[in-house]
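Peer 1: Got a structure for you, written out below as C-alpha cells; questions coming shortly.
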Amino acid sequence: MNIIFTIAKKEFQDGLRNRWILLATLLFVILTLSLVFLGSAPVGEVSAGLLSITIVSLTTLAVFIIPLISLILSYNAIVGEVERQTLILTLTLPLKRWHLILGKFFGHITLITIAITIGFCAAFILILILGNNIEINEWKAFVALFITSIFLSAVFISIGYLISVIVRRQETAAIMAVGVWLFFVLLYDMGLLSTIIFFQGKFINTEVFNFLLISNPTDAFRIFNLTGFDSVSVLSGMNTVASKINLPLYAPVGIIILWIIFPLVIAMEIFEKKEL
Amino acid sequence: MHLPRNNIFFIVILILTICIICNERKISAEVLNVKTIPGSFDTILAKAKPGDTLKLESGYHQGPILIDKSVTIIGEPNAIIDGQKKENTITITAPDVVLRGLKIINSGQNLSKQHSGIFVDKNAHRVVIENNFLENNLISIYLWGPKDGLVRNNRVYGLSNLRLNERGNGIQLWRSHGSIVEKNEIRYGRDGIYVTTSKNNIFRNNTFEKTRFAIHYMYTNDSKIIGNISRGNHIGYALMYSNGLSILDNKSINDRDHGIALNYNNESVLEHNIIYNNANKCIFIYNSNKNTFRYNHFEGCAIGVHFTAGSERNNIYENNFIDNINQVKYVGTRHLNWSKNNKGNYWSDNPAFDLDRNGISDTAYRPNDMIDHVMWKYPSSKLLLNAPAVQMLRWAQSTFPAIYPGGVYDSAPLMIPVVLNEE
C-alpha cells in the first residue's frame, strides 16, 4: 500500500508541475461560472430555480468537458513513460506492475478531483450570492452531480489507461483518445438515435434499447442527473420519462462504477504481459 | 226585492259548482290497478281520466298498448309489457304521460316502420320515461317530435342478434326540442343515442357499452353533452353537421375507432373530456370550424388527433397529448399554431428544456411522424433527443429557414400536463 501511495504522490506532483491541470481547472471554473451567470439572467418566477437551471446546464457541460480533460490527462500515462524510458527505470523498483497502474490511477484521480472540486466550489459560492431560498432537494441534486462528475472522470481516466497500455507510440494514443471521446460523447448517441428511427421500432425492443442507452457511461451520467431529481427533471423535460424508464436510481451509478473498474482491470492484465 | 237576491244566490251557486267541476280532476285522481289479464290494460285505460295513475301488477301484460290519455303508468316490481313483436310495444300520443318502473320488451322488428319499445308521438309533450328496463326492442325509445321529454335512469338493452345496420338505436330523437336524456345505461343495438334535427337537448351522465356510436348527432344545434361514459363502442361521440354544442366532461375508453369524431361541426366547445386507449384515433376533426378544444386528455391511441379537410379557426390549447403512437396527423398545407394566449398543449414526447422556468418549453414543438413513433416506443429516447450531439444538429437545422410544406406546431408547449377537474 505504501508503494501505491508513493507512486500516487509522484504522479500528483508531476501533474502539478505540468501546468496542464492548472489549465484544465481554469477552463472548468470559467465555464461553470459563466453557466451560473447565464442561469441567473432569466429570472422566471422564482430565482430559486437558479440552482436547478445550473444543474441542467452543468450536466451538459460536464458530459463534454470531463471526459476530454480526463482522457488528455491519462492517455499518455504508460506509453509516454515508455517513450521517455522512465518506465523501465521505475519497474526496477520492488513493485508489482499493477501497483504502478493503480498508483498512477489514484494520482490522476486526485488531480481531476481537485479541478472539479474547485470548479464546483466556485459555482457554489456564486449561487449562494445570486440565488435565494434554495431548497435542500436542489442541493442534493447539486451534490449528486458533483459526485457523479468525479465518477465520470474516473471512468475516462480508466479508459485512458487502457488506451495507454495497448498502443506503442504516443501519437497513436493521442488519436485513440480523441476517437474514444468522439465515440462516447457524440457518435454513440447519434448512432443509436439514427438506428431506432431508421428501423421505426422494429428489431429492438424497449428493454434492449434502455440497456443500450444506459451502457454508455455518459448517457448513464445524464440519465441519473437529469431524471433522478424532481426539481431538475421538470426543467429538462424528463419528468414523465423518469417514471417510465423504471430503472432504480442506483442502476446508472452502478454502470458507471463498472466502467471504472473494468477498463482498469483489463489495463492491468495487459500491462502484466506487456513486453517493454 | 226577491228577484235580485235570487239572482245573486243562483250566480254564487253556479260559480261554486263550476269550481268544483274544474277541480274534480285534482280531487279525484285515482289509482287504478291493472291485472295481467289480456286486454285488461285497454279496458282500464278507457275508464281512466287524465291525471290518474295506472298501476300494473307483477307479471306479463300483453302489448302492444296505446296510451292516449295523460296518465301515469307505474309498474310493480317485474311488471312486464310484451309487445309480441307486432309493432311498437308502447305508443304514447297524449302529453304529460309518465312511465315508471316497467319492463318493456319485444317490439316489432321492422326498421322502416320505426317499431319501438316506447314510441312517443309528436303531441306527447313533456313525457317522463323513468326507471324502466327495456330489452329486445328494435328502437328502444323513440321520441318522434314531442317537446321537453325526459328520459332518465332507464336500462336500455337493444338487440344483438340482427346485423348491425338492421338493429334499432337505443334512444332515438327526431325534432324533439328541449329533451333531457340522462343517467341511462345503454347497450347493444346500433347507436346508443341517435338525435337528428332537434335543438336544446341535454344528454347527461349516460353510460354506453357495446353499441356502434355511443352518441350520434346529426343536424342538431345548441345542445349539451355532459358527463357521459362510452366504453367499448365503435365510436364514442360522433357529432355531425351540428353547431353550437357543449361537450364537457365525457369519457371515451377503449372505443374501437374514434373517441370523438367531428364532421362539419362548428362553433362547439369541447372541454374536460378524457379519451383513452382507443385503437384508432382519439379525436377526428373533419371540416369542422371555429371550435374550442381545451382541457382535454388524449392518451394511448394510435393517432392522437387526425385533423383534416380544411378545418379552420379552431382553438386547440391546454390539452394533454400523452403516449399516442402518432400524436398528430395533419392533412393539409397550412401552418397552424396550436396555442392561445401563450399557452399550448402538453406533449408527452416533447424533449425540450424549460430553462426560464415559466412552465412553457423553450422551443416550439413540431409533431413529427417518425420521431413520434420512436418516442412512443422508447420513452427514454427523449434523453437521446436532448443529447449534446443531437441538440447541436437540431440547432443547426433550425437556423435554416423551414422548407416544410405547412404543418401543425405548438409555439408554447406546456412542460407538465394540465390537471383536469375530476382527477
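The values are calculated or read from the model by the stated rules, or taken from the named source; none is laboratory data. What you see is a predicted model; the values in this text were computed from it and never measured. Backbone-built Cβ (ideal geometry, glycine too); neighbour counts: all protein chains shown. Accessible surface areas use protein heavy atoms only, side chains included; no ligands, DNA or RNA. Shrake-Rupley method; radii C 1.70, N 1.55, O 1.52, S 1.80 Å.
Peer 1: Closer than 24 Å to B:ILE226 by Cβ, within 14 Å of another protein chain (Cβ to nearest Cβ) and surrounded by 19 or more Cβ atoms within 10 Å (Cβ to Cβ): which single residue out of B:ASN320, B:ASN326 fits that description? Break it down stepwise before answering.
Peer 2: Numbers: B:ASN326 fails: closer than 24 Å to B:ILE226 by Cβ.
None of the other options fit; the residue is B:ASN320.
Peer 1: Would you mind telling me which numbered condition in (1) over 15 Å from B:VAL374 (Cα atoms); (2) among the acidic types (Asp, Glu); (3) at pLDDT 85 or above B:ASP323 fails?
Peer 2: Only one criterion in (1) over 15 Å from B:VAL374 (Cα atoms); (2) among the acidic types (Asp, Glu); (3) at pLDDT 85 or above is unmet by B:ASP323, namely (1).
Peer 1: Would you check if there is a residue in region B:113-122 being over 15 Å from B:ILE141 (Cβ atoms), of a type in the set (S, T, N, Q) and either open to solvent by 50 Å² or more (accessible area, probe 1.4 Å) or at pLDDT 90 or above (or both)?
Peer 2: no
Peer 1: Test A:SER164 against the criterion of being within 14 Å of the chain's Cα centre (by Cα) and within 21 Å of A:ILE260 (Cα to Cα), and give yes or no. Steps first, please.
Peer 2: On the way: within 14 Å of the chain's Cα centre (by Cα): no; within 21 Å of A:ILE260 (Cα to Cα): yes.
Answer is no for this residue.
Peer 1: In the list B:ARG231, B:ARG163, B:ARG155, which residue meets the criterion of being modelled with pLDDT under 90 and surrounded by fewer than 23 Cβ atoms within 10 Å (Cβ to Cβ)? If you could, list the steps in order and put the result at the bottom.
Peer 2: Numbers: B:ARG231 fails: modelled with pLDDT under 90; B:ARG155 fails: modelled with pLDDT under 90.
Answer to the check: B:ARG163.
Peer 1: Of the residues that sit in region A:193-205 and are part of a helix (DSSP H, G or I) and within 7 Å of chain B (Cβ to nearest Cβ), which one is nearest to B:ASN386 (Cα to Cα)?
Peer 2: Narrowing region A:193-205 to residues part of a helix (DSSP H, G or I): A:193-199.
With the extra rule that they be within 7 Å of chain B (Cβ to nearest Cβ), the set shrinks to A:193, A:196-197.
Working: A:LEU193: 11, A:ILE196: 15, A:ILE197: 15 Å.
Selected residue: A:LEU193.
Peer 1: On to the next question. Report whether or not B:PHE298 is open to solvent by 30 Å² or more (accessible area, probe 1.4 Å) and either within 26 Å of B:HIS234 (Cβ to Cβ) or within 14 Å of another protein chain (Cβ to nearest Cβ) (or both). Outline the logic, then answer.
Peer 2: Values: open to solvent by 30 Å² or more (accessible area, probe 1.4 Å): no; either within 26 Å of B:HIS234 (Cβ to Cβ) or within 14 Å of another protein chain (Cβ to nearest Cβ) (or both): yes.
No: the conditions fail for B:PHE298.
Peer 1: Keeping to region B:233-249, report how many residues are over 17 Å from B:TYR194 (Cα atoms) and out of contact with any strand residue (DSSP E or B) (no Cβ under 6 Å at 6 or more places or on another chain). Working first, answer last.
Peer 2: The first filter runs over region B:233-249 and keeps only residues over 17 Å from B:TYR194 (Cα atoms), leaving B:244, B:248-249.
If we keep only those that are out of contact with any strand residue (DSSP E or B) (no Cβ under 6 Å at 6 or more places or on another chain) too, we end up with none.
Here the count works out to 0.
Peer 1: Hey, could you check region A:206-220 for residues that are touching a Phe, Trp or Tyr at 6+ places or on another chain (Cβ under 6 Å), in contact (Cβ under 8 Å) with a residue 24 or more places away in the chain and over 12 Å from A:LEU192 (Cα atoms) and say which is nearest to the other protein chains (Cβ to nearest Cβ)?
Peer 2: Among residues in region A:206-220 that are touching a Phe, Trp or Tyr at 6+ places or on another chain (Cβ under 6 Å), in contact (Cβ under 8 Å) with a residue 24 or more places away in the chain and over 12 Å from A:LEU192 (Cα atoms), the one nearest to the other protein chains (Cβ to nearest Cβ) is A:THR218.
Peer 1: So, of the residues in region A:177-192 that are free of Cβ contacts under 8 Å to residues at least 40 places away in the same chain and open to solvent by less than 20 Å² (accessible area, probe 1.4 Å), which turns out to be farthest from the other protein chains (Cβ to nearest Cβ)?
Peer 2: Within region A:177-192, the match that is farthest from the other protein chains (Cβ to nearest Cβ) is A:LEU192.
Peer 1: So which strands (runs of 3 or more DSSP E) stay within region B:81-185 end to end and still have 2 or more residues that are more than 21 Å from the chain's Cα centre (by Cα)?
Peer 2: Working: elements: B:90-92, B:98-100, B:103-105, B:116-120, B:128-130, B:133-135, B:139-144, B:150-152, B:155-157, B:171-174, B:180-182.
Qualifying strands (runs of 3 or more DSSP E): B:90-92, B:98-100, B:103-105.
Residue-wise test of (1) surrounded by 19 or more Cβ atoms within 10 Å (Cβ to Cβ); (2) modelled with pLDDT under 85; (3) charged (D, E, K, R).
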site: B:SER339; (1), (2), (3): yes, no, no
site: B:LYS343; (1), (2), (3): no, no, yes
site: B:PRO405; (1), (2), (3): no, yes, no
site: B:MET415; (1), (2), (3): yes, no, no
site: B:ASN421; (1), (2), (3): no, yes, no
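Peer 1: From the list A:THR54, A:THR32, A:THR25, exactly one residue is assigned to a helix (DSSP H, G or I), within 12 Å of chain B (Cβ to nearest Cβ) and not hydrophobic (A, V, I, L, M, F, W, C). Which is it?
Peer 2: Of the residues listed, the single one that is assigned to a helix (DSSP H, G or I), within 12 Å of chain B (Cβ to nearest Cβ) and not hydrophobic (A, V, I, L, M, F, W, C) is A:THR54.
Peer 1: Using the structure shown, decide if B:ASN254 is modelled with pLDDT of 90 or more, more than 14 Å from B:GLY236 (Cβ to Cβ) and surrounded by fewer than 24 Cβ atoms within 10 Å (Cβ to Cβ).
Peer 2: Values: modelled with pLDDT of 90 or more: yes; more than 14 Å from B:GLY236 (Cβ to Cβ): no; surrounded by fewer than 24 Cβ atoms within 10 Å (Cβ to Cβ): yes.
Criteria not met by B:ASN254.
Peer 1: Is it fair to say B:MET375 is open to solvent by 30 Å² or more (accessible area, probe 1.4 Å), within 14 Å of another protein chain (Cβ to nearest Cβ) and within 29 Å of A:THR54 (Cα to Cα)?
Peer 2: Details: open to solvent by 30 Å² or more (accessible area, probe 1.4 Å): no; within 14 Å of another protein chain (Cβ to nearest Cβ): yes; within 29 Å of A:THR54 (Cα to Cα): yes.
Criteria not met by B:MET375.
Peer 1: Continuing with this model, one more query. Restricting attention to region B:187-201, which residues are under 21 Å from B:PHE133 (Cα atoms), open to solvent by 10 Å² or more (accessible area, probe 1.4 Å) and not in a strand (DSSP E or B)?
Peer 2: Matches in region B:187-201: B:TYR188, B:ARG190.
Peer 1: What are the residues in region B:234-247 that are open to solvent by 10 Å² or more (accessible area, probe 1.4 Å) and of a type outside the set (Ser, Thr, Tyr), if any? Reasoning before the result, please.
Peer 2: As a first pass, look at region B:234-247 and keep what is open to solvent by 10 Å² or more (accessible area, probe 1.4 Å): B:234-235, B:240-241, B:243-244, B:246.
Listed by number, the residues that qualify are B:HIS234, B:ILE235, B:MET240, B:ASN243, B:GLY244.
Peer 1: Which is hydrophobic (A, V, I, L, M, F, W, C) and either at pLDDT below 90 or open to solvent by less than 10 Å² (accessible area, probe 1.4 Å) (or both), of B:ILE180, B:ILE171? Before the answer, list the steps.
Peer 2: On the way: B:ILE180 fails: either at pLDDT below 90 or open to solvent by less than 10 Å² (accessible area, probe 1.4 Å) (or both).
Selected residue: B:ILE171, the only one of B:ILE180, B:ILE171 that is hydrophobic (A, V, I, L, M, F, W, C) and either at pLDDT below 90 or open to solvent by less than 10 Å² (accessible area, probe 1.4 Å) (or both).
Peer 1: Among (1) on the phi < 0 side of the Ramachandran plot; (2) open to solvent by less than 30 Å² (accessible area, probe 1.4 Å), which single condition is B:ALA364 missing?
Peer 2: (2)
Peer 1: What number of residues in region B:358-386 are part of a loop (DSSP other than H, G, I, E, B) and at pLDDT 80 or above? Talk me through it step by step, then tell me what you get.
Peer 2: Applying the first criterion (part of a loop (DSSP other than H, G, I, E, B)) to region B:358-386 yields B:358-359, B:361-364, B:366-368, B:378-380, B:386.
Cutting the leftovers down to at pLDDT 80 or above gives us B:358-359, B:361-364, B:366.
Here the count works out to 7.
Peer 1: Filter region B:202-215 down to the residues that are buried (at least 24 other Cβ atoms within 10 Å of the Cβ) and part of a strand (DSSP E or B) and list them by number.
Peer 2: B:PHE203, B:PHE208, B:PHE213, B:ALA214, B:ILE215
Peer 1: Among (1) within 24 Å of B:THR308 (Cβ to Cβ); (2) within 7 Å of another protein chain (Cβ to nearest Cβ); (3) not polar (S, T, N, Q), there is one condition B:PRO388 misses while meeting the rest; what is its number?
Peer 2: B:PRO388 satisfies every listed condition except (1).
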